[in-house]
Amino acid sequence: MTWVYYASPEVDAASHYPAIIAVSVTFCVPMLSVVTTRGFLRTRVLGWDDVVIFITAGISVVYTTMCIVQTRRGLGLPLALRPAECKHTQKMVRKSFDSSVPGYCLPFPPVQYPMAVISILCDIVVFLLPVPLFRKLSLSKSAVLGLCVLFGCGLITTVCSIVRATYLKDVGPKGNGNNTMVVLMGCVEANVGIIMSCLPFLKTLLTGIFKRPGRSILGYRSTKRSHPSKTDNLSYSMDVYSAANARVHITATGEKRRPTSLNGSEEAILPPSSGLAQSKGILKTTQVHVGVE
């Protein structure tokens with residue numbers, strides 16, 4: 001039994017349906033995973049942007065499913081190799097692929113190529129618009145680099161649009177009618193675009209996974225260590241991480257006695273010694289470093 005309806009084994013072997021199915025599933029499954037994760041993380045703060053993404057993801061799933069279904073009716077084959085039983089469509093649709101069909105359609109190049117160029121230009125403009133703002137933001141180099149990488153990944157959709165435009169010549173009256181790559185690149189472009197639009201909402205999750213080994217997924221960590229010495233002195237070190245990525249590092253070493261408070265950031269653990277002119281005692285200093293990423 002062949003995959004393509006009414007096709008001989010030779011024609012079925014010439015079809016690119018395995019590649020179409022593999023690419024469609026490869027991009028659709030991660031897209032659904034990312035959208036589902038976004039919905040889970042934003043359950044309590046869902047907005048209209050989330051609703052739009054969910055609807056878009058649903059449309060993309062339908063489009064991807066139709067790509068796979070159409071492989072059974074000839075998608076993946078040049079028009080000349082498609083079984084005649086699969087070509088019984090409306091006359092208007094047949095004319096757009098087969099110039100021998102009587103009738104008139106709008107010229108293919110003036111309609112399709114300007115649409116492709118406009119889509120590509122819009123992608124490039126959307127990518128370039130925020131770039132001047134990066135210089136005005138008070139962000140760390142790692143944060144700026146992250147933004148650049150994020151917007152750079154968005155250019156993948158532009159690359160898909162450019163590749164898709166190069167295959168439009170095969171669909172026109174002067175081509176062989178094989179619209180496989182046009183449909184396939186449209187599927188890739190839609191799924192990649194949805195994934196890129198969800199990445200900013202997954203920042204906390206991605207940061208927790210990739211940035212600091214040993215840090216929990218949501219970015220919370222608290223450690224406290226106390227090691228008494230043999231001389232009955234107290235030595236301790238404490239790191240505290242908060243949800244806002246604020247880090248407080250406290251270190252102190254001195255005798256075990258009640259400290260005297262000097263100000264909000266210093267405490268005298270060992271007061272100045274009267275017998276030593278150069279001795280200033282031991283102070284415990286607290287330093288707070290707050291970074292926004």
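Values for this structure:
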item	result
Residue match in the range 72-79 (condition: modelled with pLDDT of 90 or more, assigned to a helix (DSSP H, G or I) and assigned by TED's automatic domain parsing to the domain that holds Lys174)	yes
Members of the range 155-185 that are in a helix (DSSP H, G or I), surrounded by fewer than 18 Cβ atoms within 10 Å (Cβ to Cβ) and of a type outside the set (A, V, I, L, M, F, W, C)	Thr166, Lys169, Asp170
Cβ pairs under 6 Å, 6+ apart, first in the range 24-50 and closer than 23 Å to Gly186 by Cβ, second assigned to a helix (DSSP H, G or I) and of a type in the set (S, T, N, Q)	Ser24/Thr64; Phe27/Asn191; Cys28/Thr64; Cys28/Asn191; Met31/Asn191
Selection count, the range 147-167, where residues are touching a residue at least 40 places away in the same chain (Cβ under 8 Å) and not hydrophobic (A, V, I, L, M, F, W, C)	3
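The values are calculated or read from the model by the stated rules, or taken from the named source; none is laboratory data. The shown structure was predicted, so the numbers you read here are calculated from the model rather than taken from an experiment. Here Cβ is always computed from backbone atoms with ideal geometry, including for glycine, and neighbour counts include all displayed protein chains.
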